[in-house]
Amino acid sequence: ELGGHLMFEAGNMNLNGRLIDLGTTGNLSGETNARRIFGSAGYITASRNLPIGFNGEIADFGLHIDVGVNNFGPTEIRRSHFALNPFSSNGNINRFYDFRPSNPGLDPAPTLIMDFFDNETLPGHTLSDYKIFHSFKDGFSWVRETGPVGDDPHSDFNVLATGVNHLGTSAQGRSLITISEFNCNNGPVVDLGPASRDICAGASVEILSD
(Lines give C-alpha, C1' and ligand atoms only; values in the text may rest on other atoms or scores of the structure.)
Protein backbone atom coordinates (compact mmCIF):
# COMPACT_ATOMS: atom_id res chain seq x y z
CA GLU A 1 0.00 0.00 0.00
CA LEU A 2 1.27 3.45 -0.97
CA GLY A 3 0.40 6.27 1.40
CA GLY A 4 1.97 9.06 -0.67
CA HIS A 5 2.34 10.04 -4.32
CA LEU A 6 2.90 7.60 -7.16
CA MET A 7 4.71 10.06 -9.43
CA PHE A 8 5.35 9.53 -13.15
CA GLU A 9 8.39 11.29 -14.61
CA ALA A 10 9.18 9.04 -17.60
CA GLY A 11 8.03 5.76 -19.10
CA ASN A 12 4.95 3.58 -18.68
CA MET A 13 4.05 1.03 -16.00
CA ASN A 14 2.61 -2.34 -17.04
CA LEU A 15 0.56 -3.76 -14.16
CA ASN A 16 0.96 -7.27 -15.59
CA GLY A 17 -1.88 -8.59 -13.44
CA ARG A 18 -0.74 -6.91 -10.23
CA LEU A 19 -2.46 -4.54 -7.80
CA ILE A 20 -1.38 -1.06 -6.72
CA ASP A 21 -3.15 0.12 -3.58
CA LEU A 22 -3.04 3.88 -2.91
CA GLY A 23 -4.88 3.41 0.38
CA THR A 24 -6.82 6.26 1.94
CA THR A 25 -4.26 9.02 1.31
CA GLY A 26 -2.16 8.10 -1.76
CA ASN A 27 -2.67 9.54 -5.23
CA LEU A 28 -1.27 9.53 -8.77
CA SER A 29 0.87 12.40 -10.00
CA GLY A 30 2.35 13.31 -13.40
CA GLU A 31 0.46 10.74 -15.46
CA THR A 32 0.17 11.67 -19.17
CA ASN A 33 -0.42 9.93 -22.48
CA ALA A 34 3.35 9.36 -22.75
CA ARG A 35 3.83 8.09 -19.17
CA ARG A 36 0.95 6.17 -17.69
CA ILE A 37 -0.31 2.93 -16.20
CA PHE A 38 -1.53 0.21 -18.56
CA GLY A 39 -2.01 -3.55 -18.64
CA SER A 40 -4.41 -6.25 -19.80
CA ALA A 41 -4.90 -7.43 -16.20
CA GLY A 42 -4.59 -5.98 -12.72
CA TYR A 43 -5.81 -2.67 -11.34
CA ILE A 44 -4.96 0.36 -9.23
CA THR A 45 -7.20 1.09 -6.27
CA ALA A 46 -7.81 3.83 -3.71
CA SER A 47 -10.23 4.26 -0.81
CA ARG A 48 -11.88 7.53 0.13
CA ASN A 49 -14.76 8.70 2.28
CA LEU A 50 -17.50 10.18 0.07
CA PRO A 51 -19.99 11.95 2.36
CA ILE A 52 -22.95 14.11 1.36
CA GLY A 53 -21.71 17.08 -0.67
CA PHE A 54 -18.41 15.58 -1.85
CA ASN A 55 -17.45 16.99 -5.25
CA GLY A 56 -14.01 16.25 -6.67
CA GLU A 57 -11.56 13.84 -8.25
CA ILE A 58 -10.75 10.65 -6.38
CA ALA A 59 -7.02 10.00 -5.78
CA ASP A 60 -6.14 11.94 -8.96
CA PHE A 61 -6.72 8.92 -11.16
CA GLY A 62 -9.36 10.24 -13.46
CA LEU A 63 -12.78 9.78 -11.87
CA HIS A 64 -14.56 12.95 -10.72
CA ILE A 65 -17.88 12.77 -8.92
CA ASP A 66 -20.41 15.16 -7.42
CA VAL A 67 -22.30 12.88 -5.01
CA GLY A 68 -25.06 15.40 -4.31
CA VAL A 69 -27.22 14.23 -1.38
CA ASN A 70 -25.85 10.67 -1.45
CA ASN A 71 -23.73 9.50 1.46
CA PHE A 72 -21.58 6.75 -0.05
CA GLY A 73 -19.35 6.60 3.02
CA PRO A 74 -15.99 4.75 2.80
CA THR A 75 -15.65 3.85 -0.88
CA GLU A 76 -13.12 1.77 -2.84
CA ILE A 77 -12.48 2.80 -6.45
CA ARG A 78 -10.59 0.45 -8.76
CA ARG A 79 -9.20 1.49 -12.15
CA SER A 80 -8.41 -1.13 -14.79
CA HIS A 81 -6.82 -0.62 -18.20
CA PHE A 82 -8.51 -2.97 -20.65
CA ALA A 83 -11.86 -3.09 -22.46
CA LEU A 84 -14.81 -4.81 -20.84
CA ASN A 85 -16.33 -7.73 -22.74
CA PRO A 86 -19.04 -8.54 -23.56
CA PHE A 87 -20.19 -4.96 -23.94
CA SER A 88 -22.99 -2.98 -25.55
CA SER A 89 -20.72 -1.34 -28.13
CA ASN A 90 -17.64 -2.26 -30.13
CA GLY A 91 -15.92 1.07 -29.40
CA ASN A 92 -15.15 0.90 -25.68
CA ILE A 93 -11.83 2.23 -24.46
CA ASN A 94 -9.10 0.45 -22.52
CA ARG A 95 -10.14 1.84 -19.15
CA PHE A 96 -12.95 1.23 -16.67
CA TYR A 97 -13.71 1.90 -13.02
CA ASP A 98 -15.18 -0.39 -10.39
CA PHE A 99 -16.95 1.86 -7.86
CA ARG A 100 -17.60 0.14 -4.50
CA PRO A 101 -19.32 2.34 -1.88
CA SER A 102 -20.32 1.26 1.62
CA ASN A 103 -23.79 2.75 1.06
CA PRO A 104 -25.65 2.47 -2.28
CA GLY A 105 -26.76 5.60 -4.10
CA LEU A 106 -30.38 6.40 -3.32
CA ASP A 107 -30.50 9.59 -5.43
CA PRO A 108 -28.95 10.57 -8.77
CA ALA A 109 -25.35 11.80 -8.62
CA PRO A 110 -25.48 15.25 -10.30
CA THR A 111 -22.27 14.77 -12.31
CA LEU A 112 -19.75 12.05 -13.08
CA ILE A 113 -16.65 12.78 -15.18
CA MET A 114 -14.27 10.13 -16.51
CA ASP A 115 -10.85 11.06 -17.92
CA PHE A 116 -8.92 9.02 -20.45
CA PHE A 117 -5.80 9.22 -22.60
CA ASP A 118 -5.57 9.06 -26.39
CA ASN A 119 -3.59 5.80 -26.22
CA GLU A 120 -6.50 4.17 -24.38
CA THR A 121 -8.84 4.66 -27.35
CA LEU A 122 -9.21 2.30 -30.29
CA PRO A 123 -8.14 3.35 -33.83
CA GLY A 124 -10.87 4.44 -36.20
CA HIS A 125 -13.41 5.62 -33.63
CA THR A 126 -14.92 9.09 -33.32
CA LEU A 127 -14.21 10.85 -30.04
CA SER A 128 -17.29 13.04 -30.31
CA ASP A 129 -19.43 9.88 -30.19
CA TYR A 130 -18.07 8.68 -26.84
CA LYS A 131 -20.49 8.36 -23.91
CA ILE A 132 -20.22 7.06 -20.38
CA PHE A 133 -21.76 3.62 -19.93
CA HIS A 134 -22.70 2.46 -16.44
CA SER A 135 -23.66 -0.97 -15.16
CA PHE A 136 -25.36 -1.47 -11.80
CA LYS A 137 -26.02 -5.10 -12.81
CA ASP A 138 -22.43 -6.36 -12.45
CA GLY A 139 -21.83 -6.05 -16.20
CA PHE A 140 -24.90 -8.03 -17.31
CA SER A 141 -26.67 -4.91 -18.59
CA TRP A 142 -25.63 -1.31 -19.23
CA VAL A 143 -27.10 2.20 -19.23
CA ARG A 144 -25.83 4.82 -21.65
CA GLU A 145 -25.50 8.10 -19.75
CA THR A 146 -25.87 11.55 -21.33
CA GLY A 147 -23.09 14.13 -21.55
CA PRO A 148 -20.40 15.60 -23.83
CA VAL A 149 -16.74 14.85 -24.58
CA GLY A 150 -14.43 17.56 -23.25
CA ASP A 151 -10.78 18.42 -22.68
CA ASP A 152 -9.16 18.00 -19.28
CA PRO A 153 -5.83 19.59 -18.28
CA HIS A 154 -4.74 16.35 -16.56
CA SER A 155 -5.63 13.95 -19.38
CA ASP A 156 -6.25 14.04 -23.12
CA PHE A 157 -10.04 13.85 -22.95
CA ASN A 158 -12.97 13.37 -20.61
CA VAL A 159 -16.66 12.53 -20.84
CA LEU A 160 -19.27 13.98 -18.50
CA ALA A 161 -22.51 12.32 -17.41
CA THR A 162 -25.34 14.00 -15.51
CA GLY A 163 -27.99 12.55 -13.20
CA VAL A 164 -26.34 9.15 -12.75
CA ASN A 165 -28.71 6.76 -10.97
CA HIS A 166 -28.16 3.56 -8.96
CA LEU A 167 -24.45 3.98 -8.21
CA GLY A 168 -23.23 1.05 -6.16
CA THR A 169 -26.54 -0.79 -6.14
CA SER A 170 -25.59 -4.06 -7.85
CA ALA A 171 -25.86 -7.43 -6.14
CA GLN A 172 -22.14 -7.09 -5.37
CA GLY A 173 -22.61 -3.52 -4.10
CA ARG A 174 -20.75 -1.84 -6.95
CA SER A 175 -21.01 0.00 -10.27
CA LEU A 176 -18.89 -0.54 -13.39
CA ILE A 177 -18.17 2.66 -15.33
CA THR A 178 -16.53 2.95 -18.74
CA ILE A 179 -16.62 4.92 -21.99
CA SER A 180 -17.75 3.63 -25.36
CA GLU A 181 -18.64 4.95 -28.78
CA PHE A 182 -22.34 5.71 -29.10
CA ASN A 183 -22.48 4.91 -32.83
CA CYS A 184 -21.33 1.33 -33.46
CA ASN A 185 -19.46 0.24 -36.58
CA ASN A 186 -20.68 -3.34 -36.13
CA GLY A 187 -23.88 -4.59 -34.57
CA PRO A 188 -23.49 -6.29 -31.21
CA VAL A 189 -24.64 -9.81 -30.52
CA VAL A 190 -27.82 -9.65 -28.43
CA ASP A 191 -28.71 -12.28 -25.84
CA LEU A 192 -32.49 -12.72 -25.77
CA GLY A 193 -32.34 -14.46 -22.39
CA PRO A 194 -33.07 -12.86 -19.00
CA ALA A 195 -30.14 -10.43 -19.23
CA SER A 196 -30.47 -7.33 -21.42
CA ARG A 197 -28.10 -5.23 -23.50
CA ASP A 198 -28.26 -1.61 -24.67
CA ILE A 199 -28.05 -1.39 -28.46
CA CYS A 200 -26.11 1.48 -29.99
CA ALA A 201 -27.80 4.02 -32.22
CA GLY A 202 -27.96 2.85 -35.82
CA ALA A 203 -26.65 -0.64 -35.03
CA SER A 204 -27.95 -3.86 -36.49
CA VAL A 205 -28.83 -6.88 -34.38
CA GLU A 206 -27.51 -10.40 -34.90
CA ILE A 207 -29.71 -13.15 -33.44
CA LEU A 208 -28.02 -16.50 -32.87
CA SER A 209 -29.96 -19.72 -32.42
CA ASP A 210 -28.80 -23.10 -31.16
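The values are calculated or read from the model by the stated rules, or taken from the named source; none is laboratory data. Remember, predicted model here, so these are calculated numbers, not experimental data. Ideal geometry is used to build each Cβ from the backbone, glycine not excepted, and the neighbour counts take in all protein chains shown. Each accessible area value is taken on the protein alone, full model and side chains, heavy atoms only, with ligands, DNA and RNA left out. Shrake-Rupley method; radii C 1.70, N 1.55, O 1.52, S 1.80 Å.
Reducing segment 122-140 and segment 1-44 to their Cα centroids gives an inter-centroid distance of 23 Å. Using θ = phi - 60° in the Karplus curve 6.51 cos²θ - 1.76 cosθ + 1.60, the 3J(HN,Hα) couplings for segment 130-145 round to 6, 9, 7, 10, 10, 10, 10, 10, 6, x, 7, 8, 9, 10, 8, 8 Hz; x is entered for Gly and Pro. For residue 20, the residues whose amide H sits under 5 Å from its own are 43, 44, 45, ignoring neighbours fewer than 5 places away on the same chain, with H placed 1.01 Å from N.
How big is the charge dipole of segment 1-104 about its Cα centre, in debye rounded to the nearest 20, if each Lys and Arg gets +1 on its Cβ and each Asp and Glu gets -1 on its Cβ? Spell out each step's value before the answer.
Working: 8 positive and 9 negative charges, 50 e Å.
The dipole of segment 1-104 has a size of about 240 debye.
With R₀ fixed at 35 Å, the C-beta to C-beta distance from residue 126 to residue 16 puts the FRET efficiency at about 0.65. Of all DSSP-defined beta bridges confined to segment 1-105, some 70% are antiparallel rather than parallel. Note on residue 174: accessible area approximately 40 square angstrom, rounded to 10, probe 1.4 Å, nucleic acids and ligands left out. Applying D = kT/(6 pi eta Rh) to segment 10-138, where Rh is the Kirkwood radius over alpha-carbon pairs, T corresponds to 10 °C and eta to 1.306 mPa s, the Stokes-Einstein value obtained is 102 µm²/s. The peptide list 12-25, 71-84, put in order of mean Cβ contacts within 10 Å with the highest first, becomes 71-84, 12-25.
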